[in-house]
Amino acid sequence: MSPLRIWLVGFGTVGRWLARTLDAQAGRIASRYGCEPTVVGIANARDGFVYHGRGLDLRSVLAAADSGRPITGQRGARAWPSATEGIRATEADLLVEVTASPSADGEPGLTHMREALRRQIPVVTSNKWPVALHGAELAALARRQGVAFRAESTVMSGTPVLSALTEGLAGAAPTGLRGVLNATANVILSQMADGISYQDALAAAQRAGLAEPDPAADVEGHDSVAKVMILSALVFGRQLSREQVTCRGITGITVREARQAASAGGRLRHVAMLAFAGPDGTGTVTARVQPQAVPAGDPLAGTDGDTCALVFRASPVGQITITGPGAGPHLAGQGTLADIIAVARHQARNP
Ligand SMILES: NC(=O)c1ccc[n+]([C@@H]2O[C@H](COP(=O)([O-])OP(=O)(O)OC[C@H]3O[C@@H](n4cnc5c(N)ncnc54)[C@H](OP(=O)(O)O)[C@@H]3O)[C@@H](O)[C@H]2O)c1
């Protein structure tokens, strides 16, 4: 069994979850999937990039990170001041890009991904904005280079959406979708249907660790906008700009509106929608994220709390609904792990 050598770029919540899981489950992954993911490089912003060609001691790097020591001081390893320099100077079979790159330009994640793909090294990422802003370009580059580009956890985290829509429905012609794609906004709207004010519902979500101290990305809809752009690029093959997605957040919603929608058995939901006039992402696009009353019986009405859902339309299959949990570091880690195993299995079949 040949090892799959991984650069793990980004060593925060998701990166460390992956390192712990790859370390703890190495035996199970090898026996169940016939592959041996081996982390040879790890990077964060503070310390830079550390590399050992035969594999890093993950417990030692985790211990350093958890105790605030530099991750670069590993025995027998080499180090570079930045991930980009480390990627350029070393060898691997897969880039796992789990940094947090802002919506302005998707950097530094975008540069890391382009570097790898240009060298015919496949990429797996949980980093939304590089994919939202440049997903079509990255997917096309990967296709030209004959390698994988996978971003499962960028939409609904560990609930498989992108692989289901691009692989499970390969050959079908997608025509549109609607979804509840942000778990935090959905938790807040669900509470408001029970008569709790927006401010109290937000504070409760923050206490539970479901909402960030700065909740703007979730409650103003930017996170859902990114997911609509990712779905457009990777499922429909059409790159959208941010301006093409109309967005209204949930901050102005009143308890009265939420209760009114619930009184008839329906729900007020923060609904993302994407539709094209033609098949396969052609023709005029309609893309928006906005609060909307959905009637009882609509699959989106059944998503209370941190459950997310996506209703997808494609010819000739008709309508397909995917429902599942949409938030949490272990879920983002799980989506990324599934992508890593998919790449490793492919490589094991095509050495
Ligand atoms: N957490 C979730 O539930 C979740 C769910 C879905 C998707 N995601 C996405 O997954 C990604 C990772 O999330 P997270 O929660 O792990 O974020 P995080 O805890 O903030 O960790 C981000 C990591 O990226 C590193 N980083 C930033 N700039 C870098 C650079 N130039 N070179 C190398 N490393 C760099 C940071 O370094 P330092 O440690 O030195 O700061 C940190 O280790 C994000 O894009 C996030 O949006 C997260």
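The values are calculated or read from the model by the stated rules, or taken from the named source; none is laboratory data. Computed from a predicted structure; not experimentally measured. As a convention, Cβ positions derive from the backbone with ideal geometry for all residues, glycine included, and neighbour counts pool all protein chains shown. Calculation scope for accessible area: heavy atoms of the full protein, side chains included, ligands and nucleic acids excluded. Shrake-Rupley method; radii C 1.70, N 1.55, O 1.52, S 1.80 Å.
I'd like to check which strands (runs of 3 or more DSSP E) are fully inside the range 276-351 and have at least 2 residues that are open to solvent by less than 20 Å² (accessible area, probe 1.4 Å) and at pLDDT 95 or above.
Details: elements: 285-294, 307-315, 318-325.
In the range 276-351, the matching strands (runs of 3 or more DSSP E) lie at 285-294, 307-315.
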Checklist outcome for this item: For residue 79, the lone unmet condition from (1) open to solvent by less than 30 Å² (accessible area, probe 1.4 Å); (2) in contact with a strand residue (DSSP E or B) (Cβ under 8 Å, 6 or more places away or on another chain); (3) within 14 Å of the ligand (Cβ to nearest atom); (4) outside any helix (DSSP H, G or I) is (1)
Checklist outcome for this item: Flagged pairs (Cβ under 7 angstrom, 6 or more apart or on separate chains; first in the range 101-120, of a type in the set (A, V, I, L, M); second within 13 Å of the ligand (Cβ to nearest atom)) are 110/101; 110/130; 113/95; 113/97; 113/125; 113/130; 116/87; 116/95
Checklist entry - Failed condition for residue 136, given (1) away from the ligand (no atom under 14 Å from the Cβ); (2) open to solvent by less than 20 Å² (accessible area, probe 1.4 Å), with all others met? => result (2)
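What is the residue count in the range 142-165 for residues that are more than 16 Å from the ligand (Cβ to nearest atom), at negative phi and surrounded by fewer than 18 Cβ atoms within 10 Å (Cβ to Cβ)?
Residues of the range 142-165 that are more than 16 Å from the ligand (Cβ to nearest atom), as a first pass: 142-148, 164-165.
Checking which are at negative phi leaves us with 142-145, 147-148, 164-165.
Remaining after also requiring surrounded by fewer than 18 Cβ atoms within 10 Å (Cβ to Cβ): 143-145, 164.
Residues in the range 142-165 being more than 16 Å from the ligand (Cβ to nearest atom), at negative phi and surrounded by fewer than 18 Cβ atoms within 10 Å (Cβ to Cβ): 4 in total.
Yes/no matrix, rows are residues, columns are (1) within 25 Å of residue 142 (Cα to Cα); (2) at pLDDT 95 or above:
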| position | (1), (2) |
| --- | --- |
| 8 | yes, yes |
| 16 | no, yes |
| 30 | no, no |
| 57 | no, yes |
| 67 | no, yes |
| 79 | no, yes |
| 87 | yes, yes |
Checklist entry - For the range 1-41, what are the residues that are under 13 Å from residue 345 (Cα atoms) and touching a Pro at 6+ places or on another chain (Cβ under 7 Å)? => result 2, 4, 29, 36
Item to check | Failed criterion for residue 175 (all others in (1) open to solvent by 10 Å² or more (accessible area, probe 1.4 Å); (2) within 16 Å of the ligand (Cβ to nearest atom); (3) touching a Lys or Arg at 6+ places or on another chain (Cβ under 7 Å) hold) | outcome: (2)
Item to check | When residues of the range 168-200 are limited to those that are in contact with a strand residue (DSSP E or B) (Cβ under 6 Å, 6 or more places away or on another chain) and among the small types (Gly, Ala, Ser), the one farthest from residue 226 (Cα to Cα) | outcome: 172
Item to check | Close pairs (7 angstrom Cβ cut-off, 6 or more residues apart or separate chains): at positive phi in the range 289-308, small (Gly, Ala, Ser) anywhere | outcome: 305/190
Next on the checklist: Step by step: first the residues of the range 92-132, then only those that are assigned to a helix (DSSP H, G or I) and in contact with an Asp or Glu (Cβ under 7 Å, 6 or more places away or on another chain), then the one that is farthest from the ligand (Cβ to nearest atom). Which residue is that?
Outcome noted: 113
Checklist outcome for this item: Going through the range 1-39 in order, the residues found to be within 16 Å of the ligand (Cβ to nearest atom), in contact (Cβ under 8 Å) with a residue 40 or more places away in the chain, buried (at least 23 other Cβ atoms within 10 Å of the Cβ) and not in a helix (DSSP H, G or I) are 6, 7, 8, 9, 10, 11
Checklist entry - In the range 40-61, what residues are within 12 Å of the ligand (Cβ to nearest atom) and either over 13 Å from residue 82 (Cα atoms) or outside any loop (DSSP other than H, G, I, E, B) (or both)? => result 41, 42, 43, 44, 48, 49, 50, 61
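Could you say whether any residue in the range 200-215 is closer than 26 Å to residue 278 by Cα, of a type in the set (D, E, K, R) and not in a helix (DSSP H, G or I)? Steps first, please.
Taking the range 200-215 first, the residues closer than 26 Å to residue 278 by Cα are none.
Within the range 200-215, none of the residues are closer than 26 Å to residue 278 by Cα, of a type in the set (D, E, K, R) and not in a helix (DSSP H, G or I).
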Checklist entry - If the Cβ limit is 8 Å and pairs must be 6+ apart or interchain, which residue in the range 216-241 that is without any contact (Cβ under 8 Å) to a residue 24 or more places away in the chain pairs with which residue that is among the β-branched types (Val, Ile, Thr)? => result none
Checklist entry - For the range 227-242, which residues satisfy the criterion of being over 12 Å from residue 133 (Cβ atoms), outside any loop (DSSP other than H, G, I, E, B) and charged (D, E, K, R)? => result 227
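State all residues of the range 272-306 that are of a type in the set (Gly, Ala, Ser) and touching a Phe, Trp or Tyr at 6+ places or on another chain (Cβ under 7 Å); if no residue qualifies, say none.
So the first thing to find is which residues in the range 272-306 are of a type in the set (Gly, Ala, Ser), and the list is 272, 275, 277-278, 281, 283, 287, 293, 296-297, 301-302, 305.
281, 283 - these are the residues of the range 272-306 that are of a type in the set (Gly, Ala, Ser) and touching a Phe, Trp or Tyr at 6+ places or on another chain (Cβ under 7 Å).
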Next on the checklist: If residue 265 satisfies all but one of (1) in a strand (DSSP E or B); (2) over 30 Å from residue 282 (Cβ atoms), what's the number of the condition it fails?
Outcome noted: (1)
Checklist outcome for this item: Scanning the range 137-195 residue by residue, those assigned to a helix (DSSP H, G or I) and basic (Lys, Arg) turn out to be 143, 144
Item to check | Residue under evaluation residue 74, criteria (1) within 14 Å of the ligand (Cβ to nearest atom); (2) polar (S, T, N, Q); (3) surrounded by 14 or more Cβ atoms within 10 Å (Cβ to Cβ), criterion not met | outcome: (1)
